[in-house]
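Peer 1: What follows is a single structure, and I will ask about it in a moment.
Nothing in this text is a laboratory measurement; each read-out follows from the coordinates by a stated rule. Since the structure is predicted, the reported quantities are computational estimates derived from the model, not experimental observations. Cβ sites come from the backbone with ideal geometry, for glycine too, and all protein chains shown count toward neighbours.
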Amino acid sequence: MVPSAQAACSRKAVISRAAVTEKPVTTNGTTARAKPGVPEGTPIVTPQNLPSRPRRNRRSETFRSGIRENWLSPAHFILPIFVHEGSSNEPIASMPGINRLAYGKNVVDHVAEARSLGVNQVVIFPKTPDHLKTPSAQEAFNPNGLSQRTIRLLKDAFPDVEIYTDVALDPYNSDGHDGIVRDDGVILNDETVEYLCRQAVSQAEAGADCVSPSDMMDGRVGAIRRALDREGHTHVSIMSYTAKYASAFYGPFRDALASAPKAGQAHRRIPPNKKEYQMDPANYREALREAAADEAEGADIMMVKPGMPYLDVVRSLRDNTSLPISVYHVSGEYAMLKAAAERGWLNEKDAALEALMCFRRAGADLILTYYSVEAAKWLAGEK
Ligand code: PBG
């Protein structure tokens, strides 16, 4: 029987203060290690009779690191990069420390720095010039589009870097949606999927290792798989944004690419948000339905997005599939940490590394994070 803490505390204090601090002499005459002192006023109690004391296993960093259940390495990170056609890097106001990189040397230099820190995976997001955006978003599969050129540039410079792409129409769509918008406001599904397939094939042809549909149209994973295979890209993987929620945490990303849904016009209704295709943040079970479909359609990796508010979904997918799981630590989550750190309200390094570790604990293998480079530096410094 374990006596309750209350019973232990209410017991009469029988040991004098002197008895606690005096140096006991052992049977062979040597002096035992002196008992450390305690602050004046510390109560004197009989030890609780506890068979199990979890704190014993947290006693020292040496031991804690020996039994730690999860770990973080730059090998887990996928670095998102924003690319634009300008001649110099442009800071993104709502994402301190992150730039739209100028296509060319600046992109190569940034990835070279990431690689030197052990970050060997990148995902490319192009900022399409406004004059190339149209309501049918056909720039998405231009073989010489900014995305396709950036893939080629990086693959030529670093053949061993794993290059992920984004498959969705929003950066190329003058309406700002991931799919084609019909005049009455309906986001067309199957027509959009046709263009997503062309986009994915053009990215594979440019050298992408893994295409990542982020659009949430129905049936896109299977259709993209068939299109890739038909064109001889059986080795190119698909990381599906399986459970992508209609989240307010994407705000800074849409600033970065100027890709938010545009206002409607008199003759065309444009939905003001993405709730007709991205998932409802209130829903959990629906993620399992999406996961079952993606697995059956041939996804290689399943993603949950955003990250921190959706760890239950990460865990759920982890427990319900044998595919690798990725999580997207999105722009708004990054912005929150940066803003609090700038004000001195959080220790940035500790808070950011904790967030990343918690993704691993929840069951993510891979983490897409704007902290990739900084976190890799912190991890290198810790060794
Ligand atoms: C585009 C896409 C978005 C993000 C990744 N791919 C924005 C959106 O769906 O509106 C968000 C990433 C982030 O916020 O960091 N389909």
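Peer 1: Averaged over every viewing direction, what's the projected area of the C-alpha convex hull for the stretch 167-214? Give it in nm², one decimal, please.
Peer 2: Values: hull surface 13.3 nm².
Directional mean of the projected Cα hull area for the stretch 167-214 stands at 3.3 nm².
Peer 1: Still on this structure: Between H267 and R230, what is the FRET efficiency for a Förster distance of 30 Å, r being their Cβ-Cβ separation, to the nearest 0.05? Display every interim value, and only then the final one.
Peer 2: Values: r = 38 Å, r/R0 = 1.26.
The pair H267/R230 has a calculated efficiency of 0.20.
Peer 1: Along each principal axis of its Cα atoms, how long is the stretch 286-383 end to end? Whole angstroms, biggest number first, please.
Peer 2: 46, 28, 17
Peer 1: Something else about it: Multiplying the sequence separation of S322 and M357 by 0.36 nm and subtracting their Cα-Cα distance, what value in nm do you get?
Peer 2: On the way: separation 35, 0.36 × 35 = 12.60 nm, distance 2.07 nm.
So the chain would gain 10.5 nm between S322 and M357.
Peer 1: What's the FRET efficiency of R343 with T30 using the Cβ-Cβ distance as r and R₀ = 56 Å, to the nearest 0.05?
Peer 2: 0.50
Peer 1: In the structure displayed, which of K127/K338; K262/K338; K262/K305; K244/K338; K133/K377 lie more than 26 Å apart, Cα to Cα? Walk me through the numbers on the way to the answer.
Peer 2: Numbers: K127/K338 23 Å; K262/K338 28 Å; K262/K305 23 Å; K244/K338 23 Å; K133/K377 37 Å.
Result: K262/K338; K133/K377 exceed 26 Å.
Peer 1: With a Förster radius of 25 Å, plug the Cβ-Cβ distance of Y284 and E69 into 1/(1 + (r/R0)^6) and report the FRET value to the nearest 0.05. Each step should come with its number before you reach the end.
Peer 2: On the way: r = 24 Å, r/R0 = 0.97.
That pair, Y284 with E69, gives E of 0.55.
Peer 1: Can I ask one more? Given H placed on each backbone N at 1.01 Å, which residues far from V83 in sequence or on other chains put an amide H within less than 5 Å of it?
Peer 2: Residues meeting the criterion, in which the H sits 1.01 Å from N, are L101, F125, K127.
Peer 1: Report the local net charge at T62: Lys and Arg +1, Asp and Glu -1, summed over other residues whose C-beta lies under 14 Å from its C-beta. Could you put the intermediate results ahead of the total?
Peer 2: On the way: positive: R56, R58, R59, R64, R68; negative: E61.
Net of charged neighbours comes to +4.
Peer 1: Please give the length that would be gained between A93 and A112 if that part of the chain were fully extended, namely 0.36 nm times their separation in residues minus their C-alpha to C-alpha distance (nm, one decimal). Intermediate results must be reported in sequence, preceding the final value.
Peer 2: Working: separation 19, 0.36 × 19 = 6.84 nm, distance 2.41 nm.
Working it through step by step, the gained length comes to 4.4 nm.
Peer 1: Count charges around G251 for me, please; just the other residues with Cβ under 13 Å from its Cβ, Lys/Arg as +1, Asp/Glu as -1.
Peer 2: With Lys, Arg at +1 and Asp, Glu at -1, the neighbours total 0.
Peer 1: So how many Å³ per residue does the convex hull of the Cα atoms of the chain work out to? Present the calculation step by step, with values, prior to reporting the outcome.
Peer 2: Numbers: hull volume 81.7 nm³, N = 383.
Convex hull of Cα atoms, per residue: 213 Å³.
Peer 1: Let me ask another. Take the alpha carbon atoms of the stretch 55-126, find their center, do the same for the stretch 243-282, and report the distance between the two centers in whole angstrom.
Peer 2: Their Cα centres are 26 Å away from one another.
Peer 1: Among bridges DSSP assigns within the chain, what percent are antiparallel (round to 5)? Each step should come with its number before you reach the end.
Peer 2: Numbers: 6 of 39 bridges.
The antiparallel fraction comes to roughly 15 percent.
Peer 1: Between beta-carbons, use under 14 Å as the cut-off and find the net charge around H131, counting Lys and Arg +1, Asp and Glu -1.
Peer 2: Working: positive: K127, K133; negative: E85, D130, E139.
It works out to a net charge of -1.
Peer 1: In the chain, which longest range has no GluC sites (Glu not before Pro) that are both DSSP loop (not H, G, I, E or B) and surrounded by at most 12 other Cβ atoms within 10 Å?
Peer 2: Details: sites that count: E22, E40, E69.
No qualifying site falls inside 70-383, the longest such stretch.
Peer 1: Which percent of the Cα-Cα distances in the stretch 202-337 go past 28 Å?
Peer 2: Details: 2063 of 9180 pairs.
When all Cα pairs of the stretch 202-337 are counted, 22 percent exceed 28 Å.
Peer 1: Sticking to Cα atoms, compute the Rg of the stretch 104-242 to one decimal and its Dmax as the biggest Cα-Cα distance, whole number, in Å.
Peer 2: In order Rg, Dmax, the Cα atoms of the stretch 104-242 give 14.9, 50 Å.
Peer 1: Ok, one more. How large is the dipole of the chain about the Cα centre if only Lys and Arg carry +1 and Asp and Glu carry -1, each at its Cβ, rounded to the nearest 20 debye? Could the numbers behind the result be given before it?
Peer 2: Numbers: 46 positive and 47 negative charges, 499 e Å.
I would put it at about 2400 debye.
Peer 1: How would S237, S259 line up from fewest to most surrounding beta-carbon atoms within 10 angstrom?
Peer 2: Working: S237 20, S259 23.
In increasing order of surrounding Cβ atoms, one gets S237, S259.
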